[in-house]
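K.L.:
Would you mind keeping the following structure in view while I ask a few things?
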Amino acid sequence: LPAGLAMVILTGAELFTGNVFIMLSGLLTGKVNLVDVCKSWFWSFNGNFAGSLFVAAMAFLAQTTSSEALTASVAKVAVAKVSMGFTTLFAKGVLCNWLVCLAVWMAMASNSIPGKLLSIFIPISTFVTLGFEHSVANMFLISQGMLAGADVTTKQFLLNNMLPVTLGNIVGGGIFVAFAHYYAYGRGN
């Protein structure tokens, strides 16, 4: 997953979870209004969802999980992701986007590509290693699992994972990065 955020940062693309931090920082400093935040979140979330579904479909067509072991593995991941409790997924979402938004901020602070890549690698590797939940990554992972035959319904996908993880991602990036750093460094500036 560090590769995904690296491509987003280096190409100037939009990632919903990083957008949470950027837009709430803009709202707190008065550079954007709430309507701007809602529009940006709507388009980045739905654009990321559409892109994730497209990549999952392309991966399926490319038979990236054509071996029995890989098919079973991605299906098992999808089922596991919709089987955790709301509170667990919410907390994992908070912790995940706290790290993702710190990675975005640190990458923005660097003027060099190696600095940006290193800034991304450490927090993203940490969240992956600790098993935290990222809404955009799950858009792909659960879709990939469903295409591989996972016993997961669209309702389970949306309500049992996307809802708590997305809310957790908003809190993690919004409160623990945008608001915390605005409170510490940005008030009155």
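The values are calculated or read from the model by the stated rules, or taken from the named source; none is laboratory data. Being a predicted model, the structure only gives us computed values, none of them experimental. All Cβ positions, even for glycine, are placed from backbone atoms using ideal geometry, and neighbour counts span all protein chains on display. Keep in mind that these areas ignore ligands, DNA and RNA; they rest on the heavy atoms of the full protein, side chains included. Shrake-Rupley method; radii C 1.70, N 1.55, O 1.52, S 1.80 Å.
K.L.:
Step through the residues of region 177-185 one at a time and calculate ³J(HN,Hα) from phi using the Karplus curve (6.51 cos²θ - 1.76 cosθ + 1.60, θ = phi - 60°), rounding each to whole Hz and writing x for Gly and Pro.
P.N.:
10, 4, 5, 4, 6, 5, 4, 6, 10
K.L.:
Among (i) 1.84; (ii) 1.19; (iii) 1.04, only one was calculated for this model; which label is it, if the read-out is Cα Rg over 2.2 N^0.38 Å?
P.N.:
Label of the calculated value: (iii).
K.L.:
Placing +1 on the Cβ of each Lys and Arg and -1 on the Cβ of each Asp and Glu in the chain, which of Phe157, Ile170, Phe140 has its Cα farthest towards the positive end of the resulting dipole?
P.N.:
Ile170
K.L.:
Further question on the same structure: Expressed as an acute angle from 0 to 90° and rounded to the nearest 10, what is the orientation of the C-alpha long axis of helix 135-147 relative to the principal long axis of the chain?
P.N.:
10
K.L.:
Between Leu70 and Thr88, what length comes free when the chain is fully extended (0.36 nm per residue of separation minus the Cα-Cα distance, one decimal in nm)?
P.N.:
The span from Leu70 to Thr88 would gain 3.9 nm if fully extended.
K.L.:
Follow-up. What size of dipole, in debye to the nearest 20, comes out for region 1-115 about its Cα centre when the only charges are +1 on Lys and Arg C-beta atoms and -1 on Asp and Glu C-beta atoms?
P.N.:
160
K.L.:
For region 98-175, report the accessible area per residue in Å² (1.4 Å probe, heavy atoms, rounded to an integer).
P.N.:
Result: 44 Å² of accessible area for each residue.
K.L.:
I need to check one value: relative contact order of the chain, counting alpha carbon pairs closer than 8 Å and at least 6 residues apart, in percent.
P.N.:
36
K.L.:
Tell me which lysines have Cα within less than 27 Å of Lys39's Cα, excluding those fewer than 8 residues away on the same chain?
P.N.:
Qualifying lysines at Cα under 27 Å: Lys31, Lys92, Lys155.
K.L.:
Would you mind telling me the share, in percent, of accessible area of the chain contributed by carbon and sulfur at probe 1.4 angstrom?
P.N.:
Carbon-and-sulfur percentage of accessible area, whole number: 71.
K.L.:
Per DSSP H run of at least 4 residues, take -39500 (n - 2.57); add these up for the chain, divide by its residues and hand me the 222 nm value, nearest 500 deg cm²/dmol.
P.N.:
The helix contribution divided over the chain gives -23500 deg cm²/dmol.
K.L.:
Based on the alpha-carbon gyration tensor of region 106-189, what equivalent-ellipsoid semi-axes (square roots of 5 times the eigenvalues) come out, in whole Å, largest first?
P.N.:
Ellipsoid semi-axes (Å, largest first): 31, 18, 9.
K.L.:
Same structure again: Once the Cα atoms of helix 113-130 and of the chain are each reduced to a long axis, what angle between those two axes, in degrees from 0 to 90 to the nearest 10, is obtained?
P.N.:
60
K.L.:
Would you please give the residues with an amide H less than 5 Å from that of Val152, counting only those at least 5 places away or on a separate chain, with H modeled from the backbone geometry?
P.N.:
none
K.L.:
Quick check: residue separation of Leu158 and Phe42 times 0.36 nm, minus the Cα distance between them. What number comes out in nm?
P.N.:
40.2 nm is the gain from fully extending Leu158 to Phe42.
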